[in-house]
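Accompanying notes for the structure given below.
The values are calculated or read from the model by the stated rules, or taken from the named source; none is laboratory data. Here the structure is a predicted model, which means the values were calculated and not measured. Cβ placement follows ideal geometry from the backbone for every residue including glycine, while neighbour counts extend to all protein chains displayed. The area values use the complete protein model at the heavy-atom level, side chains included, leaving out ligands, DNA and RNA. Shrake-Rupley method; radii C 1.70, N 1.55, O 1.52, S 1.80 Å.
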Amino acid sequence: MKQLDALLAHCTEQAFDLHFSKARQWKAAEPGRLLLGFLPIYFPREIVHAVNGMGVGIMGVGDRKQIIKGDAYYQSYICHLPRGVIEMALDNSLDDFDGFVFPAICDCVRNLSGMFKLVERGKFQRYFDYPQNFSPSIGGVFFRQELEKVLDDLFQVNGVKLSTEKLNHAIGLYNTNRKLIEHIYQIRQDYPWRLSAVDTYHIIRAGLVMTVEEHNQILEQVVEVISEERGEPLDNIRVVISGSFCEQPPIGLLKSIEMAGCYIVDDDLMLGSRWIQGDVDDKSDDPLGAIVDAYLTKSTFSSAVYDVGNPKGDRLVKLVKERHADGVIFSAASFCDPALLDKPEMQKACDAAGIPQINFQFHENTGQFKVIKEQAGTFSDSIKLWA
Amino acid sequence: MADIKDAIKEKSMVIQKDMLADLFKELGNTKETGKKVVYTFVPGNLTELILSFDMLPVYPEINALQSGMRKKSAEYIREAEKLGFSEDVCTYVKCDIGMMLKGNIGPTGETLPPPDLLLLSYTGCFTFMKWFENLERLYPGVPVAMLHTPYQEDGKITPEQLEYMVKQLKEEVIPKMEQVSGKAFDMDRLSKMMVNSAKAEDLLVKILESAKHKPSPIDAYFAGVYYIGPIFTAFRGTDAAVEYYTELYHEVQERIRLGLGPITPEGEMKEEKFRLVVEGPPNWTNFREFWKIFYDMGAVIVASSYTKVGGVYDLGFRHDPDEPLESLAKYCMGCYTNMNLPQRVNLLADYVKEYKADGFLINSIKSCNSFSAGQLMIMREIEHRSGVPVGFIESDLVDPRYFSYANIKNRLESYFQMLGQRKVILSQEGVEV
Ligand code: SF4
Ligand code: SF4
């Protein structure tokens, strides 16, 4: 118990360390190490690990930093995430990063990559275009070329060449990482009271700013502790949160949902850490090809991925059923086109499957949760009443 | 394109009106003619390819802007919001979906046919993908051809990107077009159309660059979207487009010869007081009022980025009959919104210089992330590099709730006042203005 408390305290601190102290210490400990910052949602950190680097997730500043300069760069009708990120860049919090990757999710992140170029932060700044064509000979080839570009950028920084052995090793580590995270979700599916959604969130988010080796150790210990009974089951409903894959809701919002009587049994909050569903082949002669193949065939559903032929709504319904959830909470950042434009069709799919839902919008620094708590409370009560 | 009632019209404008009326008539007759209809986007459009299969293009963005001008967009947007679309998202999407839900009545009052193919040329705007994912569900069973255009993140088009595009054209887009149209792909026909495309492109560039003259014979923003640019998208590659641009080019030459300024809906602009470069789309719901604020103050837009969403031809790109598929690919990747932010800044800074602009203005669109995210940084950069006064106004494309006439007018009046004062100071210092 004590052990878990200590782990949680550590993860809670790390998850919102906007100075990225652990990552910087790691880099400073040995010459030739590098830090690559990446924005939501997904980036295959394996390739960075394999060339003596650490892929560090930059998930925004949440409600932990006052935005002063960032607001001068963004109109009020643009989501909050990029203004926090540019604030960090301008106040030198990101100075130890060697380069940045901006995975394709929307035009705000895309244009932010250009802003980083203009303010010259990092030695390179790459908008990382994921293929929207999933044929191995078309999209697969393109994706590989995108990865090679980043590898080349990294090579320019520390001169480390990618080797099959090292990449396979890194793939193995991240396979373990995803497996452990999934294990936690599995345990929480059956016993959600053993680890709160907020704690789960802190634990997974902390993994974006420390080595995967350390994170795996933490996850193993968490799995060990929550494999035993702890906590008290409550008469809560079970919900899946959808739409929070990029700008992250404030912790207060997650707490409010839990306090209103909802167990969050799945979500897309730290989607990047769970992107590949299952293992990437870690014994391949062509490990880069294995990463490409996993992206094409094992990616989770997301607003970032073209879904004709395999609609997100159906995949959400499937997830809800697998998790035995009672309902869905659509929770998207305000002005987030990808999440908000997907919502109506996903709601329709839920309606068709008889899955109740509610929806609200947030900013990462929203401070008022009364309305959300009431809404979630009413949702929970109504589900219990009609169950 | 824009149907401004009682506006003064030149011959080219009449030709354009007829061309568009014919297109919409043809679209209205597809049941009888059996012609297939392709819905697609303006940036990265594959007009020549569509026409080479004898199919007809429909551009949902153009429908949306037309709905805005016809004061229908508020109703359509409401309709989409009832369906669960947030107030925060791109209003073009909502307007288009609302229009479809309300019977798909096109700008000429005729019902637009449903699509036979959704050609998702995913170029320069992430929302396009969301838009067509939604349309695919609203038109069940209609095939979608996805053409993913990689972003010029490094400020250039790479051979790998080109290869990716061409493969998609060959293996995804063309086979779907063959299947829908029932016709085999004809490379020769496509190539021949590109001869026309390049001719029209040469003319278009000459017309847009005529704004370098003082006074400028055209307004490269309002008139740019009103009658100079629109024909381009739907008719590129045809003889009619070349004829139209030839006529327009002669008209513009004549205006230069006579020393005339641009035509506005209320006739000729008399005195050119301010020359501006504008970034961002216009507002459509109050297009005429918006334009009037400018021409009443003697402000001419000499260059704009919005007229480049369908291609930045002034940077030299031309469709090439010798490599039709490659040039379609390059065309898509070269569109303005597919350029990275430093490229956009460079282009706009060059415009300010080359077109001898007195100021740089941004019309920031509330619901368009593709344009708006990063615009404040663009503004700072342009101010820093060119030294001209910069202005910033906000509105929306087709949501009338976000067009505040008084607010915009006040801001613009102060801005023009500032430009005026600067001119006085500069002329006192002996600087040519
Ligand atoms: S929150 Fe949404 S709109 Fe904002 S950067 Fe993320 S994906 Fe883009
Ligand atoms: S976001 Fe902007 S560029 Fe994209 S569809 Fe909407 S209006 Fe067009």
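Based on Cα contacts under 8 Å between residues 6+ apart, the stretch B:63-154 shows a relative contact order of 23 percent.
The share of accessible area on chain A that comes from carbon and sulfur is 51 percent, using a 1.4 angstrom probe.
Expressed to the nearest 5 percent, the antiparallel share of DSSP beta bridges inside the protein assembly as shown is 5 percent. Shown here are the Rg and Dmax of the Cα trace of the protein assembly as shown, at 27.3, 89 Å. Placing R0 at 22 angstrom, the Cβ-Cβ distance between A:R315 and A:H183 gives a FRET efficiency of 0.55 after rounding to 0.05. Computed over chain A with a Gaussian network model linking Cα atoms closer than 10 Å, the most mobile of A:L253, A:L341, A:L296 is A:L341. Please label the shape of chain A as rounded, prolate or oblate, based on the square roots a ≥ b ≥ c of the eigenvalues of the alpha-carbon gyration tensor (a/c under 1.5 means rounded; beyond that, a/b larger than b/c means prolate, else oblate). Because its axes are fairly even, with a/c under 1.5, chain A counts as rounded. Rounded to the nearest 500, the helix-only mean residue ellipticity at 222 nm of chain B stands at -15000 deg cm²/dmol, with each DSSP H run of n ≥ 4 adding -39,500 (n - 2.57).
Going by accessible surface with a 1.4 Å probe and the largest first, A:I67, B:I157 read B:I157, A:I67. Remark: for residue pairs B:K94/B:K167; B:K167/B:K330; A:K123/B:K156; A:K373/B:K102, the C-alpha separation exceeds 25 Å in B:K94/B:K167; A:K373/B:K102. Among the protein heavy atoms, those of A:H169 account for about 110 Å² of accessible surface (1.4 Å probe, every chain in place). Sorting B:S414, B:S367 by accessible area puts them as B:S414, B:S367; the probe is 1.4 Å, largest comes first, and only protein heavy atoms count. Within the straight-line cut-off of under 14 Å between alpha carbons, the aspartates and glutamates reachable from B:K25 are B:E110, sequence neighbours fewer than 8 places apart in one chain being disregarded. The Cα center of the stretch A:123-199 and the Cα center of the stretch B:148-213 differ in position by 34 Å. Of the trypsin sites (Lys or Arg not before Pro) found in the stretch A:249-300, those in coil by DSSP whose Cβ has at most 11 other Cβ atoms within 10 Å are A:K283. Solvent-accessible area lost on pairing A with B (1.4 Å probe, both sides summed) amounts to about 4800 Å². By the equivalent-ellipsoid construction on the alpha carbon gyration tensor, the stretch B:11-182 comes out with semi-axes of 26, 21, 16 Å, ordered largest to smallest.
Here the Gaussian network model covers chain A, with springs between Cα atoms less than 10 Å apart; of A:D153, A:D96, A:D107, A:D107 fluctuates the most. Only protein heavy atoms count here; on that basis, with a 1.4 Å probe, A:T297 has an accessible area of about 90 Å².
The value of relative contact order for the stretch A:2-165, using C-alpha pairs under 8 Å at least six residues apart, is 21 percent. A Gaussian network model of chain A, with springs between Cα atoms under 10 Å, assigns the largest mean-square fluctuation among A:V225, A:V85, A:V61 to A:V225.
Legend: helices of chain B (whole DSSP H runs) are marked when their alpha-carbon atoms reach 27 angstrom or more along the helix axis and their mean Kyte-Doolittle hydropathy is at least -1.0; marked are B:187-209, B:239-258, B:405-428.
Estimated translational diffusion coefficient (Stokes-Einstein, Kirkwood radius over Cα pairs, 10 °C, 1.306 mPa s) of the stretch A:235-387: 97 µm² per second. Placing +1 on each Lys and Arg Cβ and -1 on each Asp and Glu Cβ, with no other charges, gives the stretch B:11-182 a dipole about its Cα centre of roughly 580 debye. Legend: residues in the stretch A:124-138 shielded by at least 50 square angstrom of accessible surface upon adding the remaining protein chains to the isolated chain (1.4 Å probe, heavy atoms) are A:Y127, A:D129, A:Q132, A:I138. Protein-only accessible surface at a 1.4 angstrom probe places the residues B:H213, B:H148 in the order B:H213, B:H148, largest first. Rolling a 1.4 angstrom probe over the stretch B:1-121 with all protein chains present gives an accessible area of which 50% lies on carbon and sulfur atoms.
As a size descriptor, the averaged projected area of the C-alpha convex hull of chain B was calculated at 19.6 nm². In the context of the full set of protein chains, residues of chain B present 35 Å² of accessible surface per residue (probe radius 1.4 Å, heavy atoms only).
A:D282 exposes around 50 Å² of accessible area when a 1.4 Å probe is run over every protein chain in place.
The mean sequence distance of close C-alpha pairs (under 8 Å, at least 6 residues apart), as a share of the length of chain A, puts its relative contact order at 20 percent.
With the cut-off at 28 Å, report for the stretch A:2-165 the share of all Cα pairs above it, as a whole percent. In whole percent, the long-distance tail amounts to 26. Taking Cα atoms only, the orientation of helix A:197-206 departs from the longest principal axis of chain A by about 0 degrees. Of the cross-linked pairs B:K11/B:K423; B:K11/B:K36; A:K69/A:K149; A:K27/A:K161; A:K69/B:K292; A:K179/A:K318, those separated by over 25 Å at the C-alpha level are B:K11/B:K423; B:K11/B:K36; A:K69/A:K149; A:K69/B:K292.
Quote the charge dipole size of chain A about the Cα centre in Debye, to the nearest 20; the model charges only the Cβ of Lys and Arg (+1) and of Asp and Glu (-1).
Computed charge dipole of chain A: roughly 420 debye.
Neighbours of B:E429 by Cβ distance under 12 Å: Lys/Arg scored +1, Asp/Glu scored -1, total +1.
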